[in-house]
Each structure stands twice: as C-alpha cells, then as structure tokens.
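Accompanying notes for the structure given below.
Only the coordinates and a few stated rules stand behind these numbers; no lab work does. Just so we're clear, the structure is a prediction, and the values are computed from it rather than from any experiment. Cβ: placed from backbone, ideal geometry, glycine included. Neighbour counts: every protein chain shown.
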Amino acid sequence: MSQPLGLMQDQIIKIVLPRDEHLDEQSARLLTAKLQLPVAGSPVAVLMDVTNVASVSRAARAVFGSLTTVCAWALLGQTPVDRILAHFILGGDFKSGPAGYFTSETEAITWLKEHAYVH
C-alpha cells in the first residue's frame, strides 16, 4: 500500500484512503492528524483518493468536515460506487471551504489550485 498521506506539491496534500476497508472515526483521526498543523503556517488543499474504499462511517465523515486547516477538498474516485461514497463524504458539514468529486487527478489538482489559491 502507498503512503496514506503525503505532500504532493505546494500546499496540496494527498490522502489515500485504505482500499477495501471500512473507515471509522479512529481511522479518520489517524489519517488527518497531520492536517491539524498546516504546512508552513498556511491552510492546505486536500486531494482525497476514495477509490475502492469499502465504507466510511458518519463519524469519520464528521472528522473530515471539522478540519479548519483545509481550504479545499477534491475527492478522487473511479467507479460509480466511489462517486456515491464521495458524495456521502461531501454531504457532511465541510466548514473549511469548497469541495468536489473528480475522476481525473490532473483535473482535481487544477480545480484545487483555482479554488484554494495554492500554486
């Protein structure tokens, strides 16, 4: 498995949710612990890969939505099930900024740069 969280470029952080696993509140907190401290003192944009995740609990969704150090979210998936899961996550109360679903990582990064003001 690849690293679950890593700095891609500039202020964009990529989170890869674990494949074929159920994501609960504790798992979400572990994945987002580093997002509590912004990179270089600035909010970050997050590219979250939800491809082939089995499920996400409401409590995990709330963890993602409560982060104030994130200025924009782009969720990435490939299948119709990924889309449904991403829209479930996006249905939470995202306090930190705009969020969208994408099937192309390149398009997601472009969108983040336009909506999160990261370069």
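Computed values, structure above
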quantity: Using a Förster distance of 35 Å, the FRET efficiency for THR68-GLU105 (Cβ separation, nearest 0.05); calculated: 0.90
quantity: Cα pair distances of the stretch 5-116 binned at 10 Å [whole percent]; calculated: 16, 54, 29, 1
quantity: Pair HIS87, ALA54: separation of 7 Å Cα→Cβ label points (nm); calculated: 2.4
quantity: Charge sum, other residues only, whose C-beta stays under 12 Å from TYR101's C-beta, Lys/Arg counted +1 and Asp/Glu -1; calculated: -2
quantity: Under Karplus coefficients 6.51, -1.76 and 1.60, residue-wise ³J(HN,Hα) of the stretch 51-65 in Hz, glycine/proline x; calculated: 4, 6, 6, 5, 6, 9, 6, 4, 5, 5, 4, 5, 4, 4, x
